[in-house]
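Here the structure comes first, spelled out in C-alpha cells, and everything after it is commentary.
The values are calculated or read from the model by the stated rules, or taken from the named source; none is laboratory data. Just so you know, these numbers come straight off a predicted model, no measurement behind them. Neighbour counts are summed over all protein chains in view; Cβ atoms, including those assigned to glycine, are modelled from backbone coordinates with ideal geometry.
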Amino acid sequence: MTTAARATIAPPSHDGPRPRGLTWTVLRLHRPALLVWTAYVLLLAGWLLWLRFVTLEQASTKLSGCPLSESDCTDAEAMMAFGDGVGTTGTLIAYLTYGVAAWAGASLGRELERGTAQLAWTQSVTPTRWLATGLAVPAVALTLGTTVLFLLYRAVWAPKHDMYGYQWYNPEPMVALGPLTVAYALCGLAVGALVGLALKRALPALAVAFGFMVLFHVYLDRNTRWLWPTERLTGFAATTVPDSAEHIDLGVITESGVRADDVLLNCFGAESEAAFSACMANHDLTGLYRDVHPPSHFWPLHLMATGVVLAVTALAAVTAFWLLRRRTATR
Amino acid sequence: MTGTALEAAALGKKFGRRKAGWALHDCTLRIPAGRVCGLVGPNGAGKSTLLAHAAGLLAPTEGSIRVLGTTPAAARERIAYVAQDKPLYPQLTVAETLRLGRELNPGHWDAAVAGRVVDEGGLDRDAKIRSLSGGQRTRVALALALGKRPELLLLDEPMADLDPLARHQLMGTLLADSAEHGTTVVMSSHVVAELEGSCDHLLLLGEGRVRLAGPLDELLAAHTLVTGPSSGDLAPHTVVESRTTGRQVTALIRPRGPVGAGWQTDEPTLEELVLAHLRAPQAPALTLMDDGADGGETDGAEVQEAAV
C-alpha cells in the first residue's frame with residue numbers, strides 16, 4: 001500500500017542526472033566530434049602508456065643487464081623507437097589545436113550557413129546562451145582530454161629525455177609538457193567560434209581558423225624565449241653549456257668593452273679554464289658571454305606562454321559574444 | 001484577443017556598406033493580434049528581412065520593432081518562426097528533432113500538436129531529416145513551430161515546397177490551430193493564390209516599404225476596377241494603375257466619391273489588387289487601420305508620400 005502510494009507521488013525518476021535542454025542539444029549535435037575526440041585522446045593515451053611501460057622498459061632492461069660501460073650498452077633500436085614515439089606523440093599533442101580550430105570554425109560557420117543557428121535562436125534560447133553552452137560543452141571535453149594528455153606526456157618525458165635528442169625547449173615538448181596544451185585547445189575553440197560567427201560560412205571559416213592558429217602557434221613558438229629574462233653566462237662557463245639549456249645569444253667582449261657578436265670564437269676548444277684564459281688573451285679578448293635559458297626556466301616560459309594564449313582565447317571569446325549580440329536583437 | 005501582434009516604426013535595415021543596401025527602409029506598420037496576415041511583395045521587397053526582425057534574429061539599423069507588446073528578444077518564448085529554407089539539423093531523426101523542440105522550449109512544449117503535424121504527413125519518426133523531401137522537411141519545421149504553442153507564428157514562404165494536397169491539408173491544420181488558440185499568423189508568399197481564402201489581413205511590401213496594409217475585405221472595398229473609354233477622366237479618384245487596350249482603358253482606382261457615368265465598375269480580386277500594385281510601384285501607399293470598433297481609415301496617399 002505504502003509503496004503504491006509513494007510510487008504515484010514520486011516524480012518520474014528517469015529524468016535524473018542526464019543532460020537536458022541546451023546541453024543535451026549540444027551533446028547530440030556534436031556527438032560525432034565528441035566520439036572522434038574521445039578516440040583521439042584514448043589512442044594517444046594508450047600510445048603514451050605503451051611508450052612508458054613497454055618501449056622504455058625494453059630499452060632500460062638491456063641497459064642494466066650489460067656488463068660494459070653504459071654508453072656501449074644502450075639498446076639503440078629500442079631507444080630510438082622510444083625517441084621517435086616521444087617525438088610523434090609530442091607533435092600530435094602540440095598541434096591538435098589546429099584541428100580544434102578547424103572543427104570549431106566549420107561547425108559554427110555551417111550552423112549559420114544552413115540557418116540551424118537561427119532555428120535554435122527562435123526556440124526559447126537566447127543567442128548568448130546558445131553560444132555560451134556551445135562553447136562550454138566542448139571546452140570541458142577539451143580541458144579533460146588535454147589535461148590527461150599533457151600529464152601522460154610528462155610521465156613519458158621525465159626519464160632519460162636527454163638520451164634521444166629532444167629538449168624541453170623544442171617546439172613540441174614546449175607545448176606538450178604542461179597546461180599550455182590546454183590553453184591552446186581552448187584558444188582553437190574560441191578562435192574557431194569567432195571566425196565561424198564572423199564569416200558565417202563553413203569552408204572559409206575552417207580555412208581561416210586553421211590558418212590563424214598555425215600562424216599564431218608558429219609566431220608564439222619563435223618568441224616564447226623572450227617571455228622570460230635570459231641568464232647570462234660569462235667566461236669559461238659560456239663555452240661549456242649543456243644541451244639542456246636553450247642557447248639564445250653568444251658574443252665576445254673586446255678590449256674596448258664593445259661586444260662583438262661576429263668575432264670568430266677560437267677559444268671554444270679549450271680543455272681547461274687556464275687554457276681558455278690564455279687563448280682569450282692571445283686574441284685580445286677580455287671576455288665571452290652567452291645568454292641561455294637553463295632548464296629551470298621551463299616553467300616561467302611555459303606559464304608566460306600559457307598566459308598569452310589564454311589572453312588571446314579570452315579576446316576571441318569576448319569578441320564572438322560581442323559580435324553575436326550586436327548582430328541579433330538581444331534586448 | 002485584442003492588441004497588437006507586430007508593430008514597426010520607421011524600421012530600416014541596411015546590409016553591408018553599399019548605398020543601395022537597404023532591405024527595409026522607413027517601414028511603419030501594425031498588425032493586430034489574432035489575424036492571419038499575408039505578407040506579399042516582389043522578390044527583394046524585404047519580406048524575409050521583416051520576418052527575421054520580428055523573430056529577433058536581426059537587429060534593426062534604424063527605427064524599432066515591437067512584438068506582442070514588447071521587444072522581439074523578450075517575446076522569444078511566445079514567437080515561432082519558420083525560415084524560408086526550413087533549416088533543420090540533417091543529422092537528427094524526426095523524433096530527435098521533436099525532442100530538440102521539447103528540450104529547447106521547456107515548460108511550453110506541446111508534444112501532441114507537434115506529433116500530430118508529423119503523423120498527418122505519414123512521416124517515419126526514425127527517418128533522418130537529410131533523407132526527407134522538401135515538403136516533408138517543411139512539415140517537420142511547422143511541427144516544431146506549432147509545438148512551441150506560439151502567440152505569434154511567423155512563416156516565411158511556408159508552402160513553397162508542398163504539393164497542392166499537402167499544402168491544402170497543412171494550411172487547414174495551421175488555420176484550425178490558430179483559430180483555436182487565437183494565434184496571430186504572419187506568412188509571406190509571392191504566390192497570391194496561396195493566401196486567398198486563408199488570410200484576413202494583407203501587407204504588401206515593395207522596395208522595403210509598406211505599399212498596402214489593412215484588413216483584406218476593407219482593402220478590397222477601398223479599390224474599384226473600372227473599365228471605360230480611354231478618353232474618360234478618372235479625376236478626382238486615385239489611380240493606382242491603368243492600362244489602355246485599343247480605345248478602352250482598365251484601371252484600378254481608389255474612388256473618392258461616386259465614379260462617373262460611362263464607367264463599368266467591379267470589385268477587384270486579391271490577385272488583381274496585388275498585381276496592380278506590383279505593376280505600379282509609383283502608386284501611393286495606403287494603410288487602413290482597424291483600431292477598436294470604428295475602423296478608422298487613413299489614406300496613406302494623403303498622409304505619407306509614396307516612394308518614387
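Does B:Leu132 satisfy the criteria of being out of contact with any Gly (no Cβ under 9 Å at 6 or more places or on another chain) and farther than 19 Å from B:Ala80 by Cβ?
yes
Just to be sure I understand, how many residues within segment B:117-130 are among the aliphatic types (A, V, I, L, M) and within 12 Å of chain A (Cβ to nearest Cβ)? Even if it seems obvious, please write down each step before you answer.
Going residue by residue through segment B:117-130, those that are among the aliphatic types (A, V, I, L, M) are B:117-118, B:123, B:127, B:129.
Now drop any that are not within 12 Å of chain A (Cβ to nearest Cβ), which leaves B:129.
Adding up the residues that qualify gives 1.
Taking the condition of being under 20 Å from A:Arg28 (Cβ atoms) and more than 9 Å from chain A (Cβ to nearest Cβ), how many residues in segment B:70-101 meet it?
Selection size over segment B:70-101: 5.
Look through B:Ala114, B:Ala55 and report the one residue that is under 16 Å from the mean Cα position of the chain (by Cα), within 14 Å of chain A (Cβ to nearest Cβ), within 21 Å of B:Asp156 (Cα to Cα) and crowded, with 19+ Cβ neighbours inside 10 Å.
B:Ala55
Would you check if there is a residue in segment B:131-139 being under 24 Å from A:Thr126 (Cβ atoms), within 13 Å of chain A (Cβ to nearest Cβ), modelled with pLDDT of 90 or more and under 25 Å from the mean Cα position of the chain (by Cα)?
No; the residues of segment B:131-139 include none that is under 24 Å from A:Thr126 (Cβ atoms), within 13 Å of chain A (Cβ to nearest Cβ), modelled with pLDDT of 90 or more and under 25 Å from the mean Cα position of the chain (by Cα).
Just one of (1) within 23 Å of B:Pro150 (Cβ to Cβ); (2) assigned to a helix (DSSP H, G or I) trips up B:Arg130, so point out which.
(1)
What strands (runs of 3 or more DSSP E) completely inside segment B:207-293 contain at least 3 residues that are touching a His at 6+ places or on another chain (Cβ under 8 Å)? Give the derivation first.
Working: elements: B:209-215, B:224-229, B:238-245, B:248-254, B:264-266, B:286-288.
Because the criterion is at least 3 residues that are touching a His at 6+ places or on another chain (Cβ under 8 Å), the strands (runs of 3 or more DSSP E) in segment B:207-293 that meet it are B:209-215, B:248-254.
Just to be sure, is B:Gly107 modelled with pLDDT under 90, more than 27 Å from the chain's Cα centre (by Cα) and either surrounded by fewer than 22 Cβ atoms within 10 Å (Cβ to Cβ) or more than 10 Å from every other protein chain (Cβ to nearest Cβ) (or both)?
Considered against the rule, which asks whether it is modelled with pLDDT under 90, more than 27 Å from the chain's Cα centre (by Cα) and either surrounded by fewer than 22 Cβ atoms within 10 Å (Cβ to Cβ) or more than 10 Å from every other protein chain (Cβ to nearest Cβ) (or both), B:Gly107 comes out as yes.
Being at pLDDT below 90, over 30 Å from A:Pro127 (Cβ atoms) and away from every other protein chain (no Cβ under 14 Å) is true for just one of A:Ala7, A:Ala45, A:Ala39. Which residue is that?
On the way: A:Ala45 fails: at pLDDT below 90; A:Ala39 fails: at pLDDT below 90.
Sole residue among the options that is at pLDDT below 90, over 30 Å from A:Pro127 (Cβ atoms) and away from every other protein chain (no Cβ under 14 Å): A:Ala7.
Looking at (1) within 14 Å of chain B (Cβ to nearest Cβ); (2) within 16 Å of A:Trp121 (Cβ to Cβ); (3) surrounded by fewer than 20 Cβ atoms within 10 Å (Cβ to Cβ), which is the only condition A:Phe321 fails?
Condition not satisfied by A:Phe321: (1).
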